[in-house]
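Working notes for the structure below.
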Amino acid sequence: MELPNWGIKLIRRLEEKGFEAYAVGGCVRDMLLGKKPEDYDFAVSALPDETKQALNGVPVFDTGLRHGTVTAVVDGHAAEITTYRTESGYSDFRRPDKVGFTRSLSEDLSRRDFTVNAMAFHPERGLVDCFGGKEDLKNRILKCVGEPERRFREDALRILRCLRFSSALEFAIEEDTRQALLKHRELLKKIAPERLQAEFSKLILGEWAEQVLTEYLPVFQVFLPEAGQRRSALSWLPAEKKLRLAGVFSGCTPDETARALERLRYDGKTIRTVTTLERYRQVPLETDRRQARKLVFLLGMETAEELLRFREEPELLKWLEVIRGQGLCCSLSQLSVNGEDLIRLGYPEGKGIGKALNRLLQLVLDETLENQKELLLKKAKSWMKLDCWQQK
Ligand code: ATP
Ligand code: MG
């Protein structure tokens with residue numbers, strides 16, 4: 001197990017000034033699992049101001065001073081550095097009333113959620129594991145640090161985090177922890193939707209998403225009653241957020257889906273794509289190039305591709321590749337004629353032009369006409385009299 005050089009350097013810089021610093025949390029867990037961590041968090045005995053002083057010369061940003069967190073950029077890598085912390089209070093089930101700083105690493109580790117997330121690592125002193133995290137990691141078990149009921153009452157988000165880690169790491173949940181999270185599930189109602197969203201999005205991408213959603217349905221129904229209507233399994237869907245969300249809401253109408261996603265504060269683009277996937281989930285489709293072009297026209301390349309992956313349509317996906325590779329026309333902007341061409345042909349300026357262009361595009365999408373200027377102009381000319389007549 002080894003920290004990257006910039007991390008070692010960071011720890012040295014802090015320790016040269018007489019403080020104590022460790023890599024902590026998710027990165028230690030991931031390193032022990034043999035996975036490359038997405039990001040590295042550090043804990044330090046120094047107060048934020050002391051950290052900044054000690055790192056003199058390194059760019060440091062205040063990210064969450066109230067919680068004792070600053071972000072330092074070392075050799076191009078951003079690292080969150082948080083002062084050893086204690087928490088107390090939690091009268092609202094989601095935020096500690098009081099955050100205190102401490103000079104003791106083990107106190108800091110004891111406030112962390114699960115044993116596998118409560119380890120620290122030092123390049124020379126090695127692993128600090130006060131709660132049996134390494135053993136639980138070996139046995140692939142999620143277990144609260146301390147007494148589970150109290151920990152979930154302190155911060156109910158931990159209930160969902162537990163299910164998220166179970167899904168993502170493929171870890172079982174230790175029995176007392178499991179009982180406690182089921183017992184206190186209603187407390188999830190107190191948690192801000194943005195925080196639920198962040199954990200839920202990671203959960204549905206996990207390898208065990210299907211099992212977890214099924215086994216812990218009553219927990220999900222606390223903040224997502226729609227979860228009970230789900231009709232298709234997530235396991236066969238690619239691990240992409242929008243596709244998996246569409247899977248979660250299979251069985252809901254597009255309107256119900258949109259309302260649920262809005263409640264969890266998903267962004268507009270995600271909501272639009274997911275509801276489109278729902279809308280087109282069962283529409284009968286041909287498997288030829290024409291069909292593929294019409295889908296690209298209707299939904300745009302990106303959403304069309306997502307839909308076809310969602311529906312598992314390998315033939316049509318191949319046609320999308322062809323369309324992309326050959327730059328086949330699927331939109332007005334790709335048509336070989338434009339409004340000016342039609343005006344030059346003698347079309348009167350006005351609505352008739354747009355109508356004619358759209359009609360040409362439909363013929364091209366239908367593959368009854370090739371996207372060639374000459375051919376398109378000839379067709380447009382043959383319509384001219386009729387269109388002029390319609391304008392009057
Ligand atoms: P990921 O790899 O998904 O980022 P992570 O374990 O790093 O997983 P974070 O949400 O980034 O998860 O949190 C970093 C660390 O902070 C955790 O490993 C854990 O020790 C601690 N932590 C985070 N949220 C909580 C919480 N709600 N209660 C207690 N400890 C927490
Ligand atoms: Mg993290």
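Here the condition is being modelled with pLDDT of 95 or more, within 16 Å of ligand 1 (Cβ to nearest atom) and over 16 Å from the mean Cα position of the chain (by Cα); of Ile204, Ile173, it holds for Ile173 alone.
Residues considered: Val24, Val44. Of these, the only one that is in contact (Cβ under 8 Å) with a residue 60 or more places away in the chain and within 15 Å of ligand 1 (Cβ to nearest atom) is Val24. When segment 312-331 is limited to residues that are outside any loop (DSSP other than H, G, I, E, B) and of a type in the set (Asp, Glu), the one that is farthest from Leu365 (Cα to Cα) turns out to be Glu315. Of all the numbered requirements in (1) assigned to a helix (DSSP H, G or I); (2) over 26 Å from Cys144 (Cα atoms), Val219 misses one, and that requirement is (2). Hey, any hits in segment 332-341 for a residue that's in a helix (DSSP H, G or I) and either of a type in the set (Lys, Arg) or farther than 30 Å from Leu386 by Cα (or both)? Among the residues of segment 332-341, not one is in a helix (DSSP H, G or I) and either of a type in the set (Lys, Arg) or farther than 30 Å from Leu386 by Cα (or both), which makes the answer no. When Asp30, Asp49, Asp108 are checked against the criterion of being within 16 Å of ligand 2 (Cβ to nearest atom), part of a helix (DSSP H, G or I) and free of Cβ contacts under 8 Å to residues at least 40 places away in the same chain, Asp30 stands alone in meeting it.
State whether one or more residues within segment 144-154 are touching a residue at least 60 places away in the same chain (Cβ under 8 Å) and not assigned by TED's automatic domain parsing to the domain that holds Ser45. Checking segment 144-154: at least one residue is touching a residue at least 60 places away in the same chain (Cβ under 8 Å) and not assigned by TED's automatic domain parsing to the domain that holds Ser45. Here Asp129 does not fit the description of being of a type in the set (Asp, Glu) and surrounded by fewer than 19 Cβ atoms within 10 Å (Cβ to Cβ).
Kindly check whether there is at least one residue in segment 276-283 that is modelled with pLDDT under 95, part of a helix (DSSP H, G or I), in contact with a helix residue (DSSP H, G or I) (Cβ under 7 Å, 6 or more places away or on another chain) and surrounded by fewer than 19 Cβ atoms within 10 Å (Cβ to Cβ). The answer is yes, given that some residue of segment 276-283 is modelled with pLDDT under 95, part of a helix (DSSP H, G or I), in contact with a helix residue (DSSP H, G or I) (Cβ under 7 Å, 6 or more places away or on another chain) and surrounded by fewer than 19 Cβ atoms within 10 Å (Cβ to Cβ). For segment 379-388, the criterion of being within 16 Å of Gln334 (Cβ to Cβ) and among the acidic types (Asp, Glu) is met by none of the residues.
If I go through segment 211-234 residue by residue, how many of them are surrounded by fewer than 18 Cβ atoms within 10 Å (Cβ to Cβ) and not acidic (Asp, Glu)? Qualifying residue count, segment 211-234: 11. So which residues in segment 236-258 are under 17 Å from Lys269 (Cα atoms) and assigned to a loop (DSSP other than H, G, I, E, B), if there are any at all? Matches in segment 236-258: Glu240, Phe249. Of the residues Leu317, Leu295, Leu328, Leu299, the single one that is closer than 30 Å to Glu240 by Cβ and open to solvent by less than 20 Å² (accessible area, probe 1.4 Å) is Leu295. Can you find, within segment 83-99, the residue that is nearest to ligand 2 (Cβ to nearest atom) among those that are part of a strand (DSSP E or B) and open to solvent by 20 Å² or more (accessible area, probe 1.4 Å)? Only one residue tops the list, namely Arg85. Determine, yes or no, whether Glu207 is farther than 27 Å from Tyr84 by Cα, open to solvent by 50 Å² or more (accessible area, probe 1.4 Å) and not in a helix (DSSP H, G or I). Answer is yes for this residue. Restricting attention to segment 62-78, the residues that are touching a helix residue (DSSP H, G or I) at 6+ places or on another chain (Cβ under 6 Å) and in a strand (DSSP E or B) total 3.
Right, Asp136: at pLDDT 95 or above, part of a helix (DSSP H, G or I) and away from ligand 1 (no atom under 14 Å from the Cβ) or not? The answer is no for Asp136. Given the structure, is Asp30 out of contact with any helix residue (DSSP H, G or I) (no Cβ under 9 Å at 6 or more places or on another chain) and within 11 Å of ligand 1 (Cβ to nearest atom)? Answer is yes for this residue. Per the listing Glu124, Glu186, the residue uniquely open to solvent by 60 Å² or more (accessible area, probe 1.4 Å) and outside any loop (DSSP other than H, G, I, E, B) is Glu186. Please tell me if Pro48 is buried (at least 18 other Cβ atoms within 10 Å of the Cβ) and of a type outside the set (Lys, Arg). Yes, satisfied. With the requirement that a residue be surrounded by 21 or more Cβ atoms within 10 Å (Cβ to Cβ) and over 28 Å from the mean Cα position of the chain (by Cα), what does segment 1-40 give you? Matches in segment 1-40: Leu10, Ile11, Leu14, Ala21, Tyr22.
The values are calculated or read from the model by the stated rules, or taken from the named source; none is laboratory data. Here the structure is a predicted model, which means the values were calculated and not measured. Note: ideal-geometry Cβ built from the backbone for every residue, glycine included; neighbour counts use all protein chains shown. Accessible surface areas use protein heavy atoms only, side chains included; no ligands, DNA or RNA. Shrake-Rupley method; radii C 1.70, N 1.55, O 1.52, S 1.80 Å.
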